[in-house]
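Below is one structure, written out as structure tokens; the observations come after it.
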Amino acid sequence: MKKLAVLLALGALIYAGYFWLHPTPEKIIQDRLKELAKVASFQGEEAPLAKLYNAQKLSSFCSPAVEVTVNLPGRHNATVSGRDEVMKAVAATRQSLRGLQVDFLDVTVQLARDGASATALLTARVRVTGDRDDYIQELRFTFQKVDGEWLIVEVQTIETLTLLQHPE
Amino acid sequence: METDQTVRKPGWLQIILIGRNPKRTLLRALVLATVCAVGFRLFLLPIRVEGISMLPTYRDKGFNLVNRLAYVTHPPRRGDVVSVRTAGISIMYLKRVVGLPGETIEFQDGHLVVDGHPVFEPWLALPCDWTLAPRKLGPDEFYVVGDNRSMPALLHKQGVATRQRIVGKVVL
């Protein structure tokens with residue numbers, strides 16, 4: 001009985017160890033999103049060098065042809081294309097804020113059949129220093145595997161509730 | 001042959017903290033923890049209300065529970081306060097159902113109008129001046145909105161939610 005328990009524990013350890021050494025694409029993408037949220041967050045005044053470093057680090061998550069689409073009918077519509085443009089927009093946003101805490105919650109990753117692309121659905125919670133309420137937004141991230149690395153190719157907003165339109 | 005077995009009586013502190021039989025107490029604690037973990041995840045979901053969109057019915061920072069089994073036997077009804085999930089249940093919107101599948105919903109000068117008829121809403125206490133164009137809801141769509149409509153419509157999180165997004169009914 002004791003031998004069996006030891007064998008089972010050993011088996012479980014090997015199993016966990018294997019997945020730790022060989023993470024699934026879903027796990028890799030989830031980890032990347034966690035890191036992205038961490039890099040996007042900042043507190044207080046950033047030194048110019050730190051600002052540049054963080055902006056560059058953020059850009060390393062995206063493919064050169066990344067496209068960010070904000071489509072909230074009646075509220076806000078905008079599309080930013082290309083890594084450089086996205087980084088400019090991010091840098092401008094960071095400039096105007098005193099602090100930002102980004103969290104990605106309820107992340108579900110679905111791998112495409114070809115294994116070379118994946119979609120991640122999540123809820124982003126953004127806390128801006130000085131603001132009373134959090135900003136909540138559902139997002140869809142599309143990833144593509146480029147040279148063995150999962151890069152963001154598209155970010156889209158998802159409307160949780162579709163608002164009635166103001167009469168024209 | 002005699003054995004000298006003295007049974008040590010548990011002290012009063014031990015009795016208060018872990019009972020006379022620690023194994024049984026541990027088992028009870030495990031069962032209770034399991035029941036709470038399963039119950040508060042699958043049936044009664046504890047939530048903390050944040051924001052003022054449901055004033056005066058629900059206040060900011062209040063605590064509540066969501067009954068996930070409320071709509072097993074029947075669909076949400078007009079007037080029900082429901083929680084609407086986002087990508088998951090970590091963050092949900094607390095809203096009132098005002099439009100049911102198949103109905104045409106609109107707001108005229110702050111009044112809810114369903115299928116062309118104004119609907120009296122006894123839960124409203126704050127003034128509203130919204131005018132929003134009519135929209136016919138699909139067979140699986142509900143219109144949800146907060147009770148505090150004193151802010152501009154665009155600043156108030158509201159809209160069409162599919163049945164699948166409605167997690168349950170608010171209990172308290």
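When the residues of the range B:120-142 are filtered to those that are acidic (Asp, Glu) and over 17 Å from residue B:56 (Cα atoms), which remaining residue is nearest to the other protein chains (Cβ to nearest Cβ)? Checking each candidate, the answer is B:141.
For the range B:91-121, filtering for residues that are touching a Ser or Thr at 6+ places or on another chain (Cβ under 9 Å), surrounded by fewer than 16 Cβ atoms within 10 Å (Cβ to Cβ) and touching a residue at least 24 places away in the same chain (Cβ under 8 Å) leaves 1.
Can you work out which of the residues in the range B:143-152 that are over 16 Å from the mean Cα position of the chain (by Cα) and surrounded by 19 or more Cβ atoms within 10 Å (Cβ to Cβ) is nearest to the other protein chains (Cβ to nearest Cβ)?
The first filter runs over the range B:143-152 and keeps only residues over 16 Å from the mean Cα position of the chain (by Cα), leaving B:143, B:148-152.
In the following step, the residues that additionally are surrounded by 19 or more Cβ atoms within 10 Å (Cβ to Cβ) were identified as B:143, B:148-149.
On the way: B:143: 8, B:148: 13, B:149: 13 Å.
Step by step, filter the range B:143-152, then rank; the result is B:143.
Contact map, the range A:36-62: first residue at positive phi, second residue of a type outside the set (D, E, K, R) and open to solvent by 20 Å² or more (accessible area, probe 1.4 Å), Cβ cut-off under 9 Å, separation 6 or more or different chains; pairs are A:44/A:129. Here B:39, B:99 are screened, and the one residue that is at pLDDT below 95 and of a type in the set (Gly, Ala, Ser) is B:39.
Condition check: in a helix (DSSP H, G or I) and touching a helix residue (DSSP H, G or I) at 6+ places or on another chain (Cβ under 9 Å). Does residue A:91 satisfy that? Don't jump to the end; show me each part of the working.
Details: in a helix (DSSP H, G or I): yes; touching a helix residue (DSSP H, G or I) at 6+ places or on another chain (Cβ under 9 Å): yes.
Spelling it out, residue A:91 is indeed in a helix (DSSP H, G or I) and touching a helix residue (DSSP H, G or I) at 6+ places or on another chain (Cβ under 9 Å).
Within the range B:56-90, the set of residues being in a loop (DSSP other than H, G, I, E, B) and either surrounded by 17 or more Cβ atoms within 10 Å (Cβ to Cβ) or in contact with a helix residue (DSSP H, G or I) (Cβ under 8 Å, 6 or more places away or on another chain) (or both) comprises B:57, B:58, B:68, B:69, B:70, B:71, B:75, B:76, B:80, B:86, B:87, B:89. Looking across A:93, A:123, A:129, A:160, one residue alone is polar (S, T, N, Q) and at pLDDT 95 or above. It is A:123.
Total residues in the range A:129-168 satisfying the condition of being open to solvent by 20 Å² or more (accessible area, probe 1.4 Å) and over 14 Å from residue A:33 (Cα atoms): the figure is 22. Here is the figure for the range B:122-142: residues that are open to solvent by less than 80 Å² (accessible area, probe 1.4 Å), of a type in the set (Asp, Glu) and part of a loop (DSSP other than H, G, I, E, B) total 1.
The values are calculated or read from the model by the stated rules, or taken from the named source; none is laboratory data. Here the structure is a predicted model, which means the values were calculated and not measured. Heads up, the Cβs are rebuilt from the backbone with ideal geometry, glycines too, and the neighbour counts pull from every protein chain shown. To get the accessible areas, we keep the full protein, side chains included, count just its heavy atoms, and leave off ligands, DNA and RNA. Shrake-Rupley method; radii C 1.70, N 1.55, O 1.52, S 1.80 Å.
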